[in-house]
Amino acid sequence: MNGFSKASALIDLLKGWPNPALLPVVQLKMASSGALTDPDISTPGLLYGPDPGYEPLREHIADWLSHFYQPPSRIPAERICITGGASQNLACILQVFSDPVFTRHVWMVSPTYFLACRIFEDSGFHGRLRSVPEDEEGVDVEYLRKALHQSEMKARAEGNTHPTLKPTRPWSKIYRHLIYAVPTFANPSSRTMSLRRRQELVQVAREYDACIITDDVYDMLQWPTDKTATEPSGKHARLPRLVDIDRTLDGGAEREGSDAFGNAVSNGSFSKIAGPGCRTGWLEGTKKFAWGNSQVGSSRSGGAPSQLTSTFISNLIESGDLQRHIFQTLQPTYARRYHSMISAIEEYLLPLGVTLPQTSRDVVGGYFLWLSLPAPMQAEEVARRTQDEENLIVAPGPMFAVYGDEKEVDLERKVRVCFSWEEEAMLAEGIQRLARVIGRMQKKRRT
Ligand SMILES: Cc1ncc(COP(=O)(O)O)c(C=O)c1O
């Protein structure tokens, strides 16, 4: 017994899943039954598909993204390749575009989506993942530039000038460096990278032959910070993705003299806007990159993943049901959940010295909030005590460290809390329980 009476119901602010009430079951039922009752859809849906994926879905995604991101010209479907979701496709990108010796390092913005680390390690990058710190604007590009320079000097001194483990193939290239980031409403830091940093990151990637892989999986889950605001609308992105910047900056990714593979790719996913069980997503990159990605061995053998689900999602976008679900259900519901949690944070945690990043944004989004605890509090101890004393689960900062380079960025005093999974009525209560633990720890220190 620890001497505290456990609060009755478990509150889980760690789990980064959508609450079951937010799954578009009815819409998917209609979309799937429409697909399965029309042989023109069900037959291709149940057979092997084309390598870049179900063509109507590629077209619908291209139109839908063009509308949301509003790039200077429509996104052609050839820039899109259907995937089994962001995680599965990260593995595919590594299979086609990296060589575990020639590709020197994977540069990961830290804190990072920790589950990506294993995907990199599975592809031979154990010991070569590197943390890149963030500041209030997002990734620290100057830090990255210096580190890339040093890495290049070392590779040259070691004579690492050509890929040795992967054959040369016309549909692919092997990049010297990989950069991994979640630029908008990041998991876990909730930060959004500024436009200036996005542009600088693309420039540095071009200088060092790096491929920036971004998981743009939360972009559409956005709402105004001001609870009473009617504008801005959530129907358009506030910032271009890195892949959009690479497409146009200084002559674009396919500028004269370039190899036309580009230096940024976007991993999109239906996990957060339809349901993670769909295991369906898309890659956007240059036409050459998207085609190369579709030539990964596992897609050459039978076509892109998620063929049948692609037909359902294609119907879902064509009918406008997915867009309505995002704009009329997800955005307002997550906004309400966010505001409930943030009000509790303002009332109970800020007075204890807890702080939040990027507090002056007018649009926020995603699934998470990122708390900095007052010194010398340690997040892992706080997380242990919230579980033992308050039946509350939170995610301690060190969980989001880059594997093998944990020390470069200090995450000891950070805590991630998620507002997408737990019942809405429990979010404020969860924050109050966290505040009670922090308050008790502070009191103990003073006595
Ligand atoms: C940053 C990030 N990338 C990828 C994923 C997983 O995406 P998918 O389900 O499409 O593999 C998540 C889910 O939590 C995530 O937060």
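The values are calculated or read from the model by the stated rules, or taken from the named source; none is laboratory data. All values derive from a computational prediction rather than experimental measurement. All Cβ positions, glycine included, derive from the backbone under ideal geometry; neighbour counts span all protein chains shown.
General remarks:
- Applying a threshold of 6 Å to beta carbon distances and a minimum spacing of six or more residues, or different chains, the list of pairs starting in segment 262-280 at a residue that is over 13 Å from W17 (Cβ atoms) and ending at one that is of a type in the set (K, R) and more than 10 Å from the ligand (Cβ to nearest atom) reads N263/R206; S266/R241.
- On the stretch given as segment 401-447, residues that are of a type in the set (F, W, Y) and out of contact with any helix residue (DSSP H, G or I) (no Cβ under 6 Å at 6 or more places or on another chain) total 1.
- Condition broken by E254, with the remaining ones in (1) more than 30 Å from Q27 (Cβ to Cβ); (2) buried (at least 19 other Cβ atoms within 10 Å of the Cβ) satisfied: (2)
- Taking the criterion of being more than 19 Å from R198 (Cα to Cα), hydrophobic (A, V, I, L, M, F, W, C) and in a loop (DSSP other than H, G, I, E, B), the residues of segment 261-296 that qualify are F270, I273, A274, V296.
- D246 vs. criteria more than 16 Å from the ligand (Cβ to nearest atom), in contact with a strand residue (DSSP E or B) (Cβ under 6 Å, 6 or more places away or on another chain) and either of a type outside the set (A, V, I, L, M, F, W, C) or assigned to a strand (DSSP E or B) (or both): yes
- Residue among A253, A205 that is aliphatic (A, V, I, L, M) and part of a loop (DSSP other than H, G, I, E, B): A253
- Checking every residue in segment 212-221 against the condition of being away from the ligand (no atom under 16 Å from the Cβ) and surrounded by 15 or more Cβ atoms within 10 Å (Cβ to Cβ) gives zero matches.
- Single match in S151, S123, S98 (criterion: under 20 Å from Y208 (Cβ atoms), away from the ligand (no atom under 14 Å from the Cβ), crowded, with 23+ Cβ neighbours inside 10 Å and among the small types (G, A, S)): S98
- From the options T214, T184, T192, residue that is touching a helix residue (DSSP H, G or I) at 6+ places or on another chain (Cβ under 6 Å) and closer than 27 Å to W17 by Cβ: T214
- Those residues of segment 174-186 which are touching a Gly at 6+ places or on another chain (Cβ under 9 Å) and not in a loop (DSSP other than H, G, I, E, B), in sequence order: A181
- Residue count for segment 154-183, restricted to those that are surrounded by 12 or more Cβ atoms within 10 Å (Cβ to Cβ) and among the small types (G, A, S): 3.
- With respect to being basic (K, R), in a helix (DSSP H, G or I) and either more than 16 Å from the ligand (Cβ to nearest atom) or at pLDDT below 95 (or both), R156 fits the description.
- Within segment 192-211, if we keep just the residues that are among the polar types (S, T, N, Q) and farther than 25 Å from P276 by Cα, the residue that is farthest from the ligand (Cβ to nearest atom) turns out to be Q203.
- Matching option when the condition is within 16 Å of the ligand (Cβ to nearest atom) and outside any helix (DSSP H, G or I), among S258, S233, S189: S189
- Number of positions in segment 261-290 that are within 8 Å of the ligand (Cβ to nearest atom), surrounded by fewer than 24 Cβ atoms within 10 Å (Cβ to Cβ) and over 21 Å from W421 (Cβ atoms): 0
- Test: residue in segment 242-250 that is touching a helix residue (DSSP H, G or I) at 6+ places or on another chain (Cβ under 9 Å) and either of a type in the set (F, W, Y) or assigned by TED's automatic domain parsing to the domain that holds P398 (or both): no
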